[in-house]
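Working notes for the structure below.
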Amino acid sequence: MTRIPSRKFDILIIGSGAAGLTLALRAASFARVALLSKASLEQGATFYAQGGIAAVLDDRDSLESHIEDTVSVGGGLCHRDMVEHVVGNSAAAVKWLVEQGVPFSTRSGARILRGNGTGAGVDLSSLHLAQEGAHSHRRIIHATDATGKAVFQTLHRRASENPAIHFMEGRTALDLVVHEPGAGAARRCAGVYVLDDATREVSAIEAKFVVLATGGASKAYLYTTNPDSASGDGIAMAWRAGCRVANMEFNQFHPTCLFHPHARSFLITEAMRGEGARLELPDGSRFMERFDGRGELASRDIVARAIDHETKRLGEDCVYLNITHQPSELVRDRFPNIYKRCLELGIDITRDRIPVVPAAHYTCGGVVINRHGETDIENLYAVGETTFSGLHGANRIASNSLSECFVIAFSAADSIHGKIGATDFPGSSPDRPDSRAESGDDILISHNWDELRRCMWDYVGIVRSDSRLRRAERRLELLREEIHEHFRRYRISRDMLELRNLALVAGLIVRSAGARRESRGLHFNLDHPDLLPEAADTVLAPPQHVDLLRGDQPFS
Ligand code: FAD
Ligand code: SIN
């Protein structure tokens, strides 16, 4: 079999979303960086982000207010130091994005900043600020209703122009290479095993530093707002390598995903409720006031549970979002992409109500990191949605995720900068040719995918119970055995890797959910509906790490 030769980089970043691109750009002045992405570069959640980026830019707003809103939504589990770090640096992140040329929407309506890459002459106070759920001020910076696309395209363009950044598209990281020096010395990440998606060849890439920027795991659920890439690969790789993960039970369900047979995973931004859109039952009556005094702008856990409750009570498939009372021009200018997509499906949002349902949206838990993005393994960093930093607690407030991606990527770049001068390449890592020549049965893989995602939706969804969690655990155990067997026997493919990772991560979600004997934030269990007096994170540690270098089963 042919092999891709091993390559060496100062920093190998896995993932080309907001977190990965930001770190690459920040590190390119002092390091040779590789940016690895499975499928195409834009296949992360970042590209699809709609609402925007939370930051304090208005004199009437304050950092204290943003911190309090974040902590209050986080249900007692936010780490205050991390909240202060991210909130305190969000405005600087927005300034940097403007300097990169991100065309954010301005207060004067349709006019958009055309950044020239220097940010010269840009007055941040001219940016339009949107409102989203549970924020006590307008503080969401956005590019109409396609903020993620604007951010991705701008950062991608800047990174493509930078000779220190080397893109590797269509490559799936399958496991981390970890050196075990022995005699009490710390374990060190030395690189990554990578699958070439097209040729299905596996090779090792060496790096002084490896960064997981692989996004979340919402594909574990049958209905999700996320793209296919969200299979929890970074969490699974880190776990197999010996890192702790935390708070995996806190899976955020976005209340308003478009409900239409021909629309897959299309979000209707919370910012639409920020502009006055109302949630209605099929008979036109509003219901949110019955659940929370903030009505449609209550936090996401409350709105999603209210919709779940009402649809089940009435035996309906969906509820409706209604913005028809607002002037058509405002709706079209403010939400041009949603307007266009819905119109393609026969829904004119200036005249028709939008059918919506909750769908899995964000993974609050993940790989345990500190404020510099450092994990439990030396020279292994993690940034973005794949992490557990302590920022979100038991429930993420809207638009804090992108802020976290930028701010922690800045900190991680600074941390690596401080270490890189004293860091050598770790010594060669062998390629691991995959001797399994036979291709597996794709139908079995896709059936396993469906079963896993349906099981998680049915038993580990918005409302949980002990018996549902036990049932999920039994089903997942069986699925994991089948997937493991398939993985052991057949030639590796990206689908198989993602399924293997999702099965592991789904198991971590169920285990964490089972361990929480209370209802808090996004985790609601009918058998334990109350809050425990003490708020505590659910931190899981792998029973043993797999020695990927010396052990003979790097991919099992
Ligand atoms: P991603 O953008 O998901 O990127 C992950 C990258 O890793 C991808 O390039 C992927 O291909 C790559 N990857 C994964 N596994 C591997 C592997 N094994 N090998 C190689 N590459 C791999 N948050 C906000 O703050 N504001 C919003 O308005 C907002 N709107 C949203 C709307 C939608 C529809 C969705 C889905 C999410 C939204 N979020 C929003 C959440 C936010 O977009 C994400 O949390 C954030 O973009 C995550 O960025 P990231 O860089 O961590 O990961
Ligand atoms: C949205 O636009 O509603 C998504 C915002 C977020 O997930 O933070």
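The values are calculated or read from the model by the stated rules, or taken from the named source; none is laboratory data. Keep in mind the model is a prediction, meaning the values are calculated, not measured. Reconstructed Cβ throughout: ideal geometry from the backbone, glycine too, with neighbour counts over all protein chains shown. These area figures cover heavy atoms from the full protein model, side chains too; ligands, DNA and RNA do not enter into them. Shrake-Rupley method; radii C 1.70, N 1.55, O 1.52, S 1.80 Å.
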* Asked: Within the stretch 330-350, is even one residue modelled with pLDDT of 95 or more, under 20 Å from the mean Cα position of the chain (by Cα) and hydroxyl-bearing (Ser, Thr, Tyr)?
  -> no
* Can you run down the residue pairs with Cβ atoms below 8 Å, 6 or more apart or on separate chains, where the first is in the stretch 460-473 and farther than 11 Å from Gly514 by Cβ and touching a residue at least 12 places away in the same chain (Cβ under 8 Å) and the partner is assigned to a helix (DSSP H, G or I) and among the small types (Gly, Ala, Ser)? => Ile462/Ala304
* **Candidate set from the stretch 1-30 (those that are small (Gly, Ala, Ser) and in contact with a helix residue (DSSP H, G or I) (Cβ under 6 Å, 6 or more places away or on another chain)); member that is surrounded by the fewest Cβ atoms within 10 Å (Cβ to Cβ)** => Ala27
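Considering Glu477, Glu473, which residue is surrounded by fewer than 17 Cβ atoms within 10 Å (Cβ to Cβ), acidic (Asp, Glu) and on the phi < 0 side of the Ramachandran plot? Break it down stepwise before answering.
On the way: Glu473 fails: surrounded by fewer than 17 Cβ atoms within 10 Å (Cβ to Cβ).
Being surrounded by fewer than 17 Cβ atoms within 10 Å (Cβ to Cβ), acidic (Asp, Glu) and on the phi < 0 side of the Ramachandran plot holds for just one of Glu477, Glu473, which is Glu477.
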* Restricting the stretch 31-48 to residues that are within 16 Å of ligand 2 (Cβ to nearest atom) and either free of Cβ contacts under 8 Å to residues at least 24 places away in the same chain or in contact with a strand residue (DSSP E or B) (Cβ under 9 Å, 6 or more places away or on another chain) (or both), which is least open to solvent (accessible area, probe 1.4 Å)? -> Gly44
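Could you look through the stretch 206-255, keep only residues that are outside any helix (DSSP H, G or I) and basic (Lys, Arg), and pick out the one that is surrounded by the most Cβ atoms within 10 Å (Cβ to Cβ)? Before the answer, list the steps.
Our first condition is that a residue be outside any helix (DSSP H, G or I); within the stretch 206-255, this holds for 206-217, 221-232, 242-255.
Of the ones still in play, those that are also basic (Lys, Arg) are 208, 244.
Working: Lys208: 23, Arg244: 16.
Among those residues, the one meeting the criterion is Lys208.
Working only within the stretch 351-374, note down all residues that are part of a loop (DSSP other than H, G, I, E, B) and either within 16 Å of ligand 2 (Cβ to nearest atom) or buried (at least 24 other Cβ atoms within 10 Å of the Cβ) (or both). Break it down stepwise before answering.
Just the residues of the stretch 351-374 that are part of a loop (DSSP other than H, G, I, E, B), to begin with: 351-353, 364-365, 369-373.
Of everything in the stretch 351-374, those that are part of a loop (DSSP other than H, G, I, E, B) and either within 16 Å of ligand 2 (Cβ to nearest atom) or buried (at least 24 other Cβ atoms within 10 Å of the Cβ) (or both) turn out to be Cys364, Gly365, Ile369, Gly373.
Hand me the list of strands (runs of 3 or more DSSP E) wholly inside the stretch 105-205 holding 1 or more residues that are open to solvent by 20 Å² or more (accessible area, probe 1.4 Å) and either modelled with pLDDT of 90 or more or closer than 21 Å to Leu23 by Cα (or both). Quick ask: steps written out before the conclusion?
Values: elements: 109-112, 165-169, 171-179, 188-196.
The qualifying strands (runs of 3 or more DSSP E) are 165-169, 171-179, 188-196.
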* Within the set of pairs 6+ apart or on separate chains, which have a first residue in the stretch 290-301 that is farther than 16 Å from His254 by Cβ, a second that is open to solvent by 10 Å² or more (accessible area, probe 1.4 Å) and outside any loop (DSSP other than H, G, I, E, B), and C-beta atoms under 9 Å apart? -> Phe291/Ile302; Phe291/Arg305; Phe291/His309; Asp292/Ile302; Arg294/Ile302; Gly295/Arg278; Gly295/Arg286; Gly295/Glu289
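Return the only residue of Arg286, Arg278, Arg264 being within 26 Å of Gly346 (Cβ to Cβ), surrounded by fewer than 22 Cβ atoms within 10 Å (Cβ to Cβ), within 15 Å of ligand 1 (Cβ to nearest atom) and of a type in the set (Lys, Arg).
On the way: Arg286 fails: within 15 Å of ligand 1 (Cβ to nearest atom); Arg278 fails: within 15 Å of ligand 1 (Cβ to nearest atom).
The unique qualifying residue is Arg264.
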* State all residues of the stretch 211-238 that are of a type in the set (Val, Ile, Thr), within 8 Å of ligand 1 (Cβ to nearest atom) and either under 22 Å from Val33 (Cα atoms) or free of Cβ contacts under 8 Å to residues at least 40 places away in the same chain (or both); if no residue qualifies, say none. => Thr214
